[in-house]
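Values in this text are rule-based calculations from the coordinates and carry no lab data. What you are looking at is a predicted structure, and each value in this text was computed from that prediction instead of being measured. Cβ placement follows ideal geometry from the backbone for every residue including glycine, while neighbour counts extend to all protein chains displayed.
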Amino acid sequence: MKQHDFMRKALDLANENAISQHGAPFGALVVKNGQIIGSGVNEVAITNDLTNHAEIQAIRQACHTLQTTSLEGCEMYASTEPCSMCLSAIYYSKISTVYYFHASNPSQDYVYHQLSLPHQDRDIQMVQLEEK
């Protein structure tokens, strides 16, 4: 399979997920050496788990398949540009390249902006507790 074929598969997963009403229209694949080793769809609504994004599912499955937390040398194909949570997981897993189809949702701009602010200026109070 080629890059466009993997992207088509990620988009198909997203569309099937939306049609089946299991979740939002997001799909993702993790590929290593031309083989799909992980896939996922957004299941936030049916699991009531805010971390149950397509990219996170695909990473979990790929790590399980390879029996490692390092996905170095792998590629991700995502129907939409990953959110900040998924992007963090991508960095931690060491995925080498992310291909995405749709640009990020403008609502994600808020989170990226918040992360760029000093702790004291964020909308969510961040408090570091130190030892007594």
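How many angstrom separate the Cα center of region 66-121 from the Cα center of region 1-21?
19 Å
What's the extension gain from Q3 to M126 if we count 0.36 nm per residue and subtract their Cα-Cα distance?
Working it through step by step, the gained length comes to 40.2 nm.
Could you grab the relative contact order for the chain? Cα pairs under 8 Å, six or more apart, rounded to a whole percent.
The normalised contact order for the chain reaches 19 percent.
Given charges of +1 on the Cβ of Lys and Arg and -1 on the Cβ of Asp and Glu, with all other atoms neutral, how large is the dipole of region 3-104 about its Cα centre, in debye to the nearest 20? Working shown, then result.
Values: 5 positive and 9 negative charges, 35 e Å.
Its charge dipole is roughly 160 debye.
Dipole of the chain (Lys/Arg Cβ +1, Asp/Glu Cβ -1, origin at the Cα centre): which of C63, A14, L117 lies farthest to the positive side?
C63
Using only Cα atoms, what is the ratio of the radius of gyration of the chain to 2.2 N^0.38 Å?
1.15
Grab the other residues whose beta carbon is less than 11 angstrom from that of T69, score K and R as +1, D and E as -1, and report the net.
Value of the local net charge: +1.
Could you rank the peptides 7-13, 46-52 by their average count of other C-beta atoms within 10 Å per residue, with the highest value first?
Values: 7-13: 19.3, 46-52: 11.7.
Going from most to least packed, we get 7-13, 46-52.
Which of H22, H113, H53 moves most in a GNM of the chain, Cα contacts under 10 Å?
Among H22, H113, H53, the largest mean-square fluctuation in the Gaussian network model of the chain belongs to H113.
Among the complete DSSP H segments of the chain, which ones combine at least 20 Å of alpha-carbon extent along their axis with a mean Kyte-Doolittle hydropathy of 1.0 or more? If you can, show how the numbers build up before the last one.
Details: long enough: 3-19 (24 Å, -0.61).
Flagged H segments: there are none.
Considering all alpha-carbon pairs of region 50-101, what whole percent are spaced by more than 12 angstrom?
Counting pairs separated by more than 12 Å, the tail of P(r) holds 60 percent.
If R0 is 35 Å, what FRET efficiency do you get for H22 and D109 from their C-beta distance, rounded to 0.05?
0.85
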